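The values are calculated or read from the model by the stated rules, or taken from the named source; none is laboratory data. As the structure is a computational prediction, the values presented were derived from the model and not from experiment. When we count neighbours, we look across all protein chains shown, and the Cβ atoms used for this are built from the backbone with ideal geometry, even at glycine.
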Amino acid sequence: MFKDTVAVVTGAASGIGRQTAIEFARQDARVVVADIDERRGTDVVADLKNDGHDALFVRTDLTSKADCKNLITTAAETFGRVDVLVNNAGMEISTPLHEMPVHEWDTLVDTNLKSMFLCSKYALREMIEASTGAIVNVCSVSGLVAWPGIAAYNATKGGVMMLTKSLAVDYAKYGIRANCVCPSIIDTPMTDVSIGHDAAVKEQKAKLNPIGRLGTPEDVANAILFLASDKSSFITGAALTVDGGYTAI
């Protein structure tokens, strides 16, 4: 499906990003793995190469303008172009808003929203020149409804939602599509940090979804690949919920 396609995936050292990189490679894409975690990022690329796939790791601090520019430039210089950008990197901080230090707010905004602006800024230049491209942003159900206790996180994901719609509106004339996926709780290392490893807690959280289980990285990766593929060629500016029915209640 993605033969000769060049896909850049941020936050690809673990969780949803890692699985997305794997799924793109399985579909014959050339994959650029971007993450600040050099050890785990290089491990992902080594695994992909061992399986016969074409992959590259670029250590990237996604809050850095220079690093984001280098990421896209390196991808384009190595593989000739950038066809797909998956803005996946993100984090959660649950400090109550009235107690949150300004530096925590800034960290969340820089990681969850500014990084998507920076990577999109440079990827768009490549895509405009090629008159084609797909950007898929990993948002959250928190971009659609206010999840209790994480106001700052919700705010960043609301920003991701409107950034996605704006990209879709402004760049359709260049043959570029932009969409986002909105997962609920996905069973990833990031989730283990926020809610812990306790099976009983995870079971309780799973009951929030009518389907009755937590999502998996594969669930989200499959949705991302659909939105990046020609099978969704008439879809842009959309927010695809991958939430087990959470937002249907």
**Request:** State yes or no: is ILE176 closer than 24 Å to LYS231 by Cβ and surrounded by 15 or more Cβ atoms within 10 Å (Cβ to Cβ)?
**Result:** yes
**Set ASP83, ASP35, ASP47: member being among the charged types (D, E, K, R), surrounded by 17 or more Cβ atoms within 10 Å (Cβ to Cβ) and either more than 24 Å from SER131 (Cα to Cα) or modelled with pLDDT under 95 (or both)** = ASP35
**Message:** Any residue in the range 230-241 that is more than 16 Å from VAL138 (Cα to Cα) and part of a helix (DSSP H, G or I) sitting within a Cβ distance under 9 Å of a residue that is of a type outside the set (Lys, Arg) and modelled with pLDDT under 95? List the pairs, counting only those 6 or more apart or interchain.
**Reply:** ASP230/MET1; LYS231/MET1
**Asked** Can you name every residue in the range 129-162 that is farther than 23 Å from ASN222 by Cβ and either of a type in the set (Asp, Glu) or touching a strand residue (DSSP E or B) at 6+ places or on another chain (Cβ under 7 Å) (or both)?
**Response** GLU129
**Lone unmet requirement of (1) surrounded by fewer than 16 Cβ atoms within 10 Å (Cβ to Cβ); (2) under 27 Å from LEU167 (Cα atoms) for LEU108** = (1)
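Can THR156 be described as in a helix (DSSP H, G or I), within 13 Å of the chain's Cα centre (by Cα) and of a type in the set (S, T, N, Q)? Steps first, please.
Values: in a helix (DSSP H, G or I): yes; within 13 Å of the chain's Cα centre (by Cα): no; of a type in the set (S, T, N, Q): yes.
Considered against the rule, which asks whether it is in a helix (DSSP H, G or I), within 13 Å of the chain's Cα centre (by Cα) and of a type in the set (S, T, N, Q), THR156 comes out as no.
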**Prompt:** Going by the structure shown, is PHE24 within 22 Å of LEU227 (Cα to Cα) and surrounded by 24 or more Cβ atoms within 10 Å (Cβ to Cβ)?
**Reply:** yes
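Give me the residue from the range 200-216 that is outside any helix (DSSP H, G or I) and not hydrophobic (A, V, I, L, M, F, W, C) and, out of that set, surrounded by the fewest Cβ atoms within 10 Å (Cβ to Cβ). Even if it seems obvious, please write down each step before you answer.
Filtering the range 200-216 down to residues outside any helix (DSSP H, G or I) leaves 207-216.
The next check asks that each one be not hydrophobic (A, V, I, L, M, F, W, C); those that pass are 207, 209-210, 212-213, 215-216.
Details: LYS207: 9, ASN209: 20, PRO210: 11, GLY212: 11, ARG213: 15, GLY215: 23, THR216: 16.
By that ranking, first place goes to LYS207.
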**Request:** List every residue pair whose Cβ atoms sit under 7 Å apart, with the two residues 6 or more apart in sequence or on different chains, where the first one lies in the range 108-125 and is under 28 Å from THR95 (Cβ atoms) and the second, anywhere, is among the aromatic types (Phe, Trp, Tyr).
**Result:** LEU108/TYR153
**Request:** Specify the residue that is farthest from LYS231 (Cα to Cα); the eligible residues are those in the range 44-59 that are part of a helix (DSSP H, G or I) and among the hydrophobic types (A, V, I, L, M, F, W, C).
**Result:** ALA46
**Asked** Residues of the range 1-21 being on the phi < 0 side of the Ramachandran plot, surrounded by fewer than 24 Cβ atoms within 10 Å (Cβ to Cβ) and among the small types (Gly, Ala, Ser), which ones?
**Response** SER14
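Looking only at the range 15-43, count how many residues are without any contact (Cβ under 8 Å) to a residue 40 or more places away in the chain, among the acidic types (Asp, Glu) and assigned to a helix (DSSP H, G or I).
Of the range 15-43, the ones without any contact (Cβ under 8 Å) to a residue 40 or more places away in the chain are 21, 25-26, 28, 31, 33, 36-43.
Those still in the list that are among the acidic types (Asp, Glu) too: 28, 37-38, 43.
Okay, now just the ones that are also assigned to a helix (DSSP H, G or I), so 38, 43.
Number satisfying all stated conditions: 2.
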**Message:** I'm checking my understanding of the structure. Among residues of the range 54-85 that are under 22 Å from ASP43 (Cβ atoms) and of a type outside the set (A, V, I, L, M, F, W, C), which one is farthest from the chain's Cα centre (by Cα)?
**Reply:** THR78
